[in-house]
Amino acid sequence: MDEVAAVLAIVAAVAFALAATLWQRASVALGVETLGAGSLVRLLGSGVWLLGLVAQVVGVLLQAAALDRGRVAIIQPLLVTTIIWAMPLGYFLTNQVITRRHVAGAGVVVAGLAVFASVGDPAAGVDDAPGSTWLAAILVLAAVCAALMLFAGRGGLGLKAAVLGTTAGVLYGLSATLMKPVVENLHDVGLTGLLESWEFWVMAGAGLVGFYIQQLSLATGRLVASVATVSVANPVVSVLLGALILQERLDHTPAWHAVVAVGGLAGALFGAILIASASERDTETEAAPEPVPA
């Protein structure tokens, strides 16, 4: 694994965590629960929200630099660490409750990613694929997002944050995978040629829609559940697209390296899910009515 690319990906995760925390702080402070035109104008007038936007842009640039040096299947899983950085940031900036279950989940994420980073090594892969292949994948992901949005209004705030976060993560995963051919096109044809490519516009569109849906998720006030689901869905979609479309795979020499790397990644994703489920359970506990004295 390219050490510089790995460091860039982890620093990008810190930037994404800071952006999400600042956005949630601004949304809660302004009482924004839905993202209409009026509430968007209010957020744009918030210095905290704009600072979060700057952090997000920095994260995207660092992510692009990491993908320029490494493969999607290796770089994207490292963004799972976003949830690790979001927990202390949420604790200090938005008064999020951190429990032992959250800490245990964070430990599992760190251990799993440490294993993945130690033995995971990319083999083969291409920088782009035919447009028809991309179209099929985009249509499938659009259907998945539409199905998720149908359930976004059901359940409590924790579930709503998780469903919207998952939808945003799917779109971010598509955008991140397209970022690989976009960066390569920038090297080959320059900025003018890049603006003429469909990959750039689909990448930007998926990223902007994901950004909007993430704002809806953060407006629920459930930072950890929102960031955890984004952090899981994003790399899962990216790894699948990297394997199915960009033909990326892990090195099988020796064969146990790939098995251990996949096991480590699965453990990291399980840790993130553990954190998200802990947040949902805490939400239900907080929402439970106090017993009425007899």
Sorted largest first, extent of the chain alpha carbons per principal axis (Å): 70, 45, 32
Placed amide H near residue 222: partners under 5 Å, 5+ positions off or other chain: none
Span from the the range 99-163 Cα centroid across to the the range 228-270 one, whole angstrom: 10
Gaussian network model of the chain, springs between alpha carbon atoms under 10 Å - residue of 159, 208, 218 with greatest fluctuation: 208
Within-13-Å neighbourhood charge of residue 4 [Cβ basis; K, R +1; D, E -1]: -2
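Which whole-number percent gives the relative contact order of the range 3-287, counting Cα pairs below 8 Å spaced six or more residues apart? Walk me through the intermediate numbers first.
Values: 470 pairs, mean separation 86.0, N = 285.
In percent, rounded to a whole number, it is 30.
With a cap of 16 neighbouring Cβ atoms within 10 Å, and only residues DSSP puts in a loop, list the GluC sites (Glu not before Pro) found in the range 124-212.
Sites meeting the loop and neighbour criteria: 196.
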Within a Gaussian network of the chain (alpha carbon springs, distance under 10 Å), most fluctuating of 188, 128, 68: 188
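If you wrap a convex hull around the Cα atoms of the range 144-286, how much volume per residue is inside, in Å³?
Values: hull volume 16.3 nm³, N = 143.
Given the Cα convex hull of the range 144-286, per-residue volume reads 114 Å³.
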Radius 11 Å from Cβ of residue 127, net charge of other residues (Lys, Arg +1; Asp, Glu -1): -4
For residue 248, residues with placed amide H under 5 Å, excluding near neighbours: 126, 243
Fluctuation leader among 144, 58, 80 - the chain, Gaussian network, Cα springs under 10 angstrom: 144
Derived scalar couplings ³J(HN,Hα) [the range 136-152; Karplus, 6.51 cos²θ - 1.76 cosθ + 1.60; whole Hz; x for Gly, Pro]: 4, 5, 5, 5, 5, 5, 5, 5, 4, 5, 4, 5, 5, 5, 5, 9, 5
Positive minus negative residues near residue 148 (Lys, Arg vs Asp, Glu; Cβ under 13 Å): +2
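Every number here is computed from the coordinates shown, using simple stated rules; none is lab data. Keep in mind that what you see is a predicted model, and the values were worked out from it rather than measured. So basically every Cβ, Gly included, is an ideal-geometry build from the backbone, and we count neighbours across all protein chains shown.
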